[in-house]
Amino acid sequence: MAKKKQETVSLIDTFAEFKQNKNIDITTMVGVLEESFRSVIAKIFGSDENFDVIVNPDKGDCEIYRNRVVVNDDEVEDPNKQISLSEAQKIDATYEVGEDVSEEIHFADFGRRAILTLRQTLASKILELEHDALYNKYKDRVGELITAEVYQTWKSETLLMDEEKNELYLPKSQQIPRDFFHKGDNVTAVIDRVDNANGNPKIYLSRTSPVFLQRLLENEIPEIADGIIRLCRIARIPGERAKIAVESYDDRIDPVGACVGVKGSRIHGVVRELHNENIDVINFTNNISLFIQRALNPAQVSKVVLHEEEKKAEVYLRPEEVSLAIGKGGMNIKLASMLTEYTIDVFREVEGEEMTEDIYLDEFSDEIDQWVIDAIKGIGLETAKDVLNAPREMLIEKADLEESTVDDVLRILRAEFEDDDKAAAAPSADEPNEPAAPSAGEES
């Protein structure tokens, strides 16, 4: 008797656990409970077709009725669907052959193993429902801004919880370099993707995506949210610098001024969220040459030569503007290329000449190891003049090269241009040499 009472309590606990799951509506809950009971009944009796299952979630119980047909005592072939006349008349003396008998069955009578099977079946179905609910909640929200609470931080990613305690993941690769989280911190990010491999959804967030910057700007600048100002292009080096190109559908509104605000008041909140990531705002234009000039701000460009089929641009600047165009660690020219979607090569103008010729670094692969060339190109320097105009310390630190390696590269590149200068200075065979100046002992 005590054992039966214990099993009944266990069954009630099963209902209670299920009811605590607030993510599941009452209709779904009843359906899942009925399906789970039927699954266990089918395992016990071989079929659940002749059973009526009535779930009472409010009471925390379930009524089960087995329906059988009365047959003569010696004609019972399926005890699950048929009942002998003598057995039927024990229930009610008025039963006759051919009538239907509906008999209530108490699930607790099936024993501890049946209740355990029910709990396991319910747990499996609850998990399946939770996965479906999580996937359906987030599958159409990619690109949406969300704030969640940090639950745990690992080396490769951070686990966050939304308001319903759903798990969200922020990979290390999608965190701004200066991000540092503690448990309980509220973190804002954009929903980057929703994976649903094997029916097990995982929600991934990002703070490095250009979309994250776009959503932050929409939150801070009403004109962007209202569609008066359009964000045309975004380029980011997360945590360091970003460039955005904007335009206005209203000629009376200055899009750059509206985005920046008085003394940067509007964009300051975005910059703070991005850990002081500098944001350059420029006016968008379909004039590619002008767009490239604006993208290379603060450098003043003298001339732009486009190669539209190759999506390349040659940019000529005064010597003092070259370092501004390239920027620290090649960051400015890299962002400009990302923003304009053009590969930008920088050339230095020399006084007295229209322009100086330049040579791509790959042309020196017979004298400089390819891995060294790739390391230098990785910081935004594509040509020999780019390297010669860049500070030596920048090549050592940003390209992560040994001092001796950098000095060898500079020597090889300088020699190339010195040879060109000597060839240009040498008199041709058709031109007479200028007379030498008289020596100190000769008469003039």
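The values are calculated or read from the model by the stated rules, or taken from the named source; none is laboratory data. Note that the coordinates shown come from a computational prediction; the quantities given were computed from them, not determined experimentally. Quick reminder, even Gly has a Cβ in these numbers, built from the backbone with ideal geometry, and neighbours come from all protein chains shown. Remember, those area values only see protein heavy atoms, side chains included, never the ligands or the DNA or RNA. Shrake-Rupley method; radii C 1.70, N 1.55, O 1.52, S 1.80 Å.
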Top mean-square fluctuation among G378, G31, G269, Gaussian network model of the chain, C-alpha springs under 10 Å?
-> G31
Heavy atoms of E149 accessible to a 1.4 Å probe, total area in Å² rounded to 10 = 90
What accessible area per residue, rounded to a whole number of Å², is obtained for the chain using a probe radius of 1.4 Å?
-> 57
Can you work out ³J(HN,Hα) from phi for every residue in the stretch 385-393, in order, using Karplus 6.51 cos²θ - 1.76 cosθ + 1.60 and θ = phi - 60°, giving whole Hz and x for Gly and Pro?
-> 5, 4, 5, 5, 7, 7, x, 4, 5
Computed about the Cα centre, the charge dipole of the stretch 303-353 from +1 Lys/Arg and -1 Asp/Glu charges at the Cβ has a magnitude in debye, to the nearest 20, of 280
The stretch 88-135, accessible surface, carbon-and-sulfur percent (1.4 angstrom probe) = 46
Measure up K263/K312; K172/K263; K202/K377; K328/K385 against 28 Å on the Cα-Cα distance and list the ones that go over.
-> K263/K312; K172/K263; K202/K377
Measuring from label point to label point, each 7 Å out along Cα→Cβ, what is the V97 to K202 span in nm?
-> 6.6
Fluctuation leader among R266, R112, R294 - the chain, Gaussian network, Cα springs under 10 angstrom | R112
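Quick one: order V260, V281 from most to least accessible surface, probe 1.4 Å.
The most accessible residue leads, giving V260, V281.
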Provide the net charge surrounding W371, with neighbours chosen by a C-beta distance below 13 Å and charges set as Lys +1, Arg +1, Asp -1, Glu -1.
-> -4
Quick one: among Q300, Q214, Q370, which has the greatest mean-square fluctuation in a GNM of the chain with alpha-carbon springs under 10 angstrom?
-> Q370
Of all accessible surface on the stretch 270-417 at a 1.4 Å probe, what whole percent is carbon and sulfur?
-> 42
Once all protein chains are kept in place, K183 shows an accessible area at probe 1.4 Å, nearest 10 Å², of 150
Report relative contact order for the chain in percent, whole number only (criteria: Cα-Cα under 8 Å, sequence separation at least 6).
-> 7
